[in-house]
1. Sort 158-166, 173-181, 367-375 for me by packing, meaning the mean count of neighbouring Cβ atoms within 10 Å per residue, highest on top.
2. If R0 is 30 Å, what FRET efficiency do you get for residue 138 and residue 233 from their C-beta distance, rounded to 0.05?
3. When you count, for each residue, the other Cβ atoms within 10 Å and take the mean per peptide, how do 272-285, 4-17 rank with the highest first?
4. Calculate, in nm to one decimal, what residue 70 and residue 309 gain on full extension: separation in residues at 0.36 nm each, minus their alpha carbon distance.
5. Based on the Cα coordinates of the stretch 32-217, what is the per residue volume of their convex hull in Å³?
6. Among 233, 223, 66, which one moves the most in a GNM of the chain with springs linking Cα atoms closer than 10 Å?
7. Taking the chain as the reference, fit the longest principal axis to its C-alpha atoms, fit the long axis of helix 17-30 to the helix C-alpha atoms, and give the angle between the two in degrees, 0 to 90, nearest 10.
8. Report the gain in length on full extension from residue 62 to residue 111: 0.36 nm times residue separation, minus Cα-Cα distance, nm rounded to one decimal.
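Any read-out appearing in this document is the output of simple, stated calculations on the displayed coordinates, not a laboratory observation. These figures come from a predicted structure and were not determined experimentally. With ideal geometry, Cβ positions are generated from the backbone for all residues, glycine too; neighbour counts draw on all protein chains shown.
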């Protein structure tokens, strides 16, 4: 049931937990004999970890990835017997968060390995993950260093990773040669850690096929309904619908302008809806469509959706307000108080992101606190 707060909100999100869990199940099925983790970093990609985590846990997820130990401590009571992996690893001063909350650090460097081993000497055995860099040059030990560690007879018995992992650089481009190169490098590392689970595939990696799946996959954006592979139809179900309320309808004569810098110019008599959303709400200024060199499509900027029709954004997105051209709707159809869909089932979030020269990940994780959230569905 819709709450009065949601029904009257200026900005609102409808988050379909059923779609979320359906997407996770679909990625789990695509993972074949591997099990699929659930990635819950950045407050479940902006959608709310307090709701997303229990839904994914009820759907069967038992492996969870978050960015840092603070996120892990927040997640722990929501997934009582889940295994929570901390991608940023362990640093001096936060060891207690790992031991007190049963969090598994990802060891990304020699420095973090030293911190972890020192913690073991004080507190006793604890599981860890070893991150191996196979070509991204971002985090992880080199394949050679990891292999040497695996074969080092002086390696302490207490260092027994429960997982080795790497991260694909170009999984969203299926034919990129780096995918095969990283796979070959990771296989070499995995062979040195015989009997230890291995994880390579992110969302795009799951779609690359079974040879990339190993024991554990890590789908993220696909679970939240976003595109994981470039240039193909997105098979995932949208999870979030963002809407904002029309504050005013204005008539602008042909030759008139609107917005800062007179950036919207009208060649015909036009009706313009002023909508209560702006860059403070994560509706980025760049989706205005001007001066965005990375934009791949929609040269006029983003579109919204209102009364069954796409309506173009015009002018500049400002802190709290945006303008949409509703001229092509039937007279009187657009009214103050109506909600316009910013993205969701009718306007894919990735289309809006492309209009702003960015990606769906950023759109979702930038959603501001002014949205009133309504959760539907479940596991």
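1. Numbers: 158-166: 19.7, 173-181: 14.1, 367-375: 17.0.
Descending packing order for the listed peptides: 158-166, 367-375, 173-181.
2. With R0 = 30 Å, the Cβ-Cβ based efficiency is 0.50.
3. On the way: 272-285: 22.2, 4-17: 17.9.
Averaged packing, sorted descending, gives the order 272-285, 4-17.
4. Details: separation 239, 0.36 × 239 = 86.04 nm, distance 4.31 nm.
Between residue 70 and residue 309, full extension yields 81.7 nm more.
5. Values: hull volume 21.6 nm³, N = 186.
Value for the stretch 32-217: 116 Å³ per residue.
6. In this elastic network of the chain, the residue with the biggest mean-square fluctuation among 233, 223, 66 is 233.
7. Between helix and principal axis, roughly 50 degrees.
8. On the way: separation 49, 0.36 × 49 = 17.64 nm, distance 2.90 nm.
This chain segment gains 14.7 nm when fully extended.
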